[in-house]
Amino acid sequence: MKDPKTALLYGIRQLRRQVERRLKEDGGADVFYRPLPAERGHGRAPADQMDASQKALWQMAQSVRHCSSCPLSRTRKRVVFGEGDSRAQLVFVGEAPGMEEDREGRPFVGAAGQLLTKIIASIGLKREQVYICNVLKCRPPGNRNPAPAEITACKTHLTRQLQILRPKIICALGTFAAQTLLNSQEPIGRLRGKTYAYETIPLIPTFHPAALLYHPQNKRLVWEDMKRIAEILQLPVAAPEARRKSGETG
Ligand code: URA
């Protein structure tokens, strides 16, 4: 027999689950959840004015918020679904949310995120013009590496997200994103430098921005990868010297 406090907490949790399920079935709002600006239609149109892919992503984000497919659901603060332009030609896939991302519910908002913003700017784009997500939607405690079982559990979300987005090109940031999308065991140092295909979409693996904070000498190689992306998207890019002068490079 449970003690009264445990029994009460158990009852409350059960009740909450039932109400959430009911609301979801009815397509109603989730009374327990305060949506973030980024989650309200990905910061764009109200639900009734969204285009098809925006709506599909938004609906998906609502259901992924309740995901409990792996134990990370018990330690996360927020699910970090992803954000950006639902019609983006370029999608960046990172590894997993860190502490700040977990707190804010948005991808790449910490130090690595600031560098990613600069990397995106190096090919003349703004963050809002691309889409950014991760292999794992929930933070591994202590920022440890994603476990294989967590990647397997979360991969269905990423696969569906990419099916909806259908970008012109995918940039995999770091070993975990590259290995997951390419079904490979090779480390990023061996995978980068080539263009692959994810289904029929060109995929370019590059170093993770967090790794660049420790190994800034690899920024030169990331720039090579970004030039390859710009070429595929037919974006004009400035030479590194000009970018340095304009203060764009990290
Ligand atoms: N690192 C990632 O891979 N993703 C984030 O969202 C933040 C840091």
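The values are calculated or read from the model by the stated rules, or taken from the named source; none is laboratory data. This one's a predicted model, so the numbers in the text were calculated from it and none came from an experiment. Here Cβ is always computed from backbone atoms with ideal geometry, including for glycine, and neighbour counts include all displayed protein chains. In case anyone asks, the SASA skips ligands and DNA or RNA and just uses the protein heavy atoms, side chains included. Shrake-Rupley method; radii C 1.70, N 1.55, O 1.52, S 1.80 Å.
For the pairs K126/K227; K137/K219; K77/K219; K126/K194; K118/K168; K126/K155, flag any whose C-alpha to C-alpha distance is greater than 23 Å. K137/K219; K77/K219; K126/K194; K126/K155, as the Cα separations exceed 23 Å there.
Residues Y196, Y214, Y131, Y10, sorted by accessible area with the largest first, give Y214, Y10, Y196, Y131 [1.4 Å probe; ligands and nucleic acids excluded]. A 1.4 Å probe run over the stretch 30-246, with the rest of the protein chains in place, finds 49 Å² accessible per residue. Scoring 105-116, 226-237 by mean Cβ neighbours within 10 Å over their residues and listing the highest first yields 105-116, 226-237.
Among the protein heavy atoms of the stretch 30-246, carbon and sulfur supply 52% of the accessible surface, probe 1.4 Å, non-protein parts ignored.
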